[in-house]
Amino acid sequence: MTISATDIRFDDAQMWVTLEDGRTLGVPLAWFPRLARASAAERKAVTISPMGLHWEALDEDISIAGLLAGRGDATGHKGRAA
């Protein structure tokens with residue numbers, strides 16, 4: 001079964017993703033450097049699809065399955081998200 005996002009919002013340090021089953025995930029922005037560096041307007045320009053989140057201008061794609069598994073950005077760095 002695939003769980004989809006229904007809403008996304010940000011505060012200074014977190015990305016908050018509301019899921020269709022009622023859960024809300026709080027994810028540190030530090031896990032996604034492109035989002036952490038982005039302006040509020042750039043972060044707002046998200047496309048929510050059944051599989052995840054996409055920011056065209058930032059070249060950022062985040063799967064809901066990855067968030068649920070605790071995975072951060074796996075591109076371009078050697079560190080672990082958690």
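The values are calculated or read from the model by the stated rules, or taken from the named source; none is laboratory data. Worth saying up front: this structure is predicted, and the values here are computed from it rather than measured. Cβ: placed from backbone, ideal geometry, glycine included. Neighbour counts: every protein chain shown. Surface areas here come from the heavy atoms of the whole protein model, side chains and all, with no ligands, DNA or RNA. Shrake-Rupley method; radii C 1.70, N 1.55, O 1.52, S 1.80 Å.
Can you give the three extents of the C-alpha atoms in the chain along their principal axes, from longest to shortest, in whole Å?
Computed over the Cα atoms, the extents are 30, 28, 21 Å.
What's the carbon and sulfur percent of the chain's accessible surface, probe 1.4 angstrom, rounded to a whole number?
Numbers: 2760 of 5130 Å².
Result for the chain: 54 percent of the exposed heavy-atom area is carbon or sulfur.
Per residue, how much accessible area does the stretch 1-63 have with a 1.4 Å probe, in Å²? Walk me through the intermediate numbers first.
Values: 3800 Å² over 63 residues.
With all protein chains present, the stretch 1-63 gives 60 Å² per residue.
Tell me, what is the FRET efficiency for ALA69 and ALA41 to the nearest 0.05, using R0 = 25 angstrom and their Cβ-Cβ distance as r? Please report the intermediate quantities before stating the final value.
Numbers: r = 29 Å, r/R0 = 1.17.
The formula returns an efficiency of 0.30 here.
Using only DSSP helix segments of four residues or longer, with each worth -39500 (n - 2.57), what per-residue ellipticity at 222 nm results for the chain after dividing by its residue count and rounding to 500? Don't jump to the answer; show the numbers that get you there.
On the way: 3 runs with 15 residues, N = 82.
Mean residue ellipticity at 222 nm (helix-derived): -3500 deg cm²/dmol.
Under a crude label model (7 Å from the Cα following the beta-carbon direction), how far is LEU25 from ALA13 in nanometres?
2.0 nm
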